Amino acid sequence: MNKRERTHELIKENTLNILIKKSISHITINDICDESSITRSTFYTHFKDKYHVLESINEDICSQLDKHLSIRFDTVDIESLLISMISNIDKSKFLIMIDIQEGSVNLRRDIQETVQYSAHKYFKSFSTNQTCDISSDFMSKLFSSIAIDFLEYSMVSGDIEKNAIFLNNLNRVIFNGYFKVIE
């Protein structure tokens, strides 16, 4: 990682540190610069404002999730997918960012869109091999809504495996029940 990349990451990390103590509306660019030991001009070379920093953090979380989903989504065992989804998300970043919903900064929405996109591709793949009278758009929206609630609740409660087992069973009833393989 070069100096520019390290500074970029340092700004994001220090913004998260400040968010532990202050709400986003009370954070200033000076706070971020002081915490990061950088000048305002250095900050503005990397980000246009504090919301841009938060958007970048959300993009990092969603990118991690998306990479993982693209590899693991077609598993029959949703329990493994859900547990590994959690393990690939930085818990401290997630818990700080999930409640921030200001302007374009909305991790809940971003994660839901990421999961919904992957789920839609997965459910859409059944259209040539299987029959289903429910739209893949609806199925992916339902799955993504359940996934975001699972992620948030499990991160807060720590009951990851128990919740994943329950959702795996729910998956078998809701999703697998609608797909019938044409042989």
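Below are the figures for this structure:
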{"read-out": "Residue match in region 46-54 (condition: under 15 Å from the mean Cα position of the chain (by Cα) and either at pLDDT 75 or above or over 16 Å from residue 24 (Cβ atoms) (or both))", "value": "yes"}
{"read-out": "Residue in region 14-22 that is over 30 Å from residue 143 (Cβ atoms) and touching a Leu at 6+ places or on another chain (Cβ under 9 Å) present", "value": "yes"}
{"read-out": "Which listed residue, of 61, 83, 38, 18, is open to solvent by less than 40 Å² (accessible area, probe 1.4 Å) and within 29 Å of residue 161 (Cβ to Cβ)", "value": "61"}
{"read-out": "Helices (runs of 4 or more DSSP H) (entirely within region 1-68) containing at least 1 residues that are under 14 Å from residue 96 (Cα atoms) and touching a residue at least 24 places away in the same chain (Cβ under 8 Å)", "value": "3-21"}
{"read-out": "Search result, residues across region 81-119 that are of a type in the set (S, T, N, Q) and part of a loop (DSSP other than H, G, I, E, B)", "value": "88, 104"}
{"read-out": "When residues of region 120-171 are limited to those that are of a type in the set (A, V, I, L, M), outside any loop (DSSP other than H, G, I, E, B) and surrounded by fewer than 16 Cβ atoms within 10 Å (Cβ to Cβ), the one modelled with the highest pLDDT", "value": "156"}
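Residue-wise test of (1) of a type in the set (Val, Ile, Thr); (2) crowded, with 18+ Cβ neighbours inside 10 Å; (3) on the phi > 0 side of the Ramachandran plot.
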position: 4; (1), (2), (3): no, no, no
position: 9; (1), (2), (3): no, no, no
position: 25; (1), (2), (3): no, no, no
position: 29; (1), (2), (3): yes, no, no
position: 44; (1), (2), (3): no, no, no
position: 47; (1), (2), (3): no, yes, no
position: 54; (1), (2), (3): no, yes, no
position: 65; (1), (2), (3): no, yes, no
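The values are calculated or read from the model by the stated rules, or taken from the named source; none is laboratory data. Bear in mind that the values here come from a model prediction, so they are computed numbers and not experimental data. We place every Cβ from the backbone using ideal geometry, glycine too, and count neighbours over all the protein chains shown. Remember, those area values only see protein heavy atoms, side chains included, never the ligands or the DNA or RNA. Shrake-Rupley method; radii C 1.70, N 1.55, O 1.52, S 1.80 Å.
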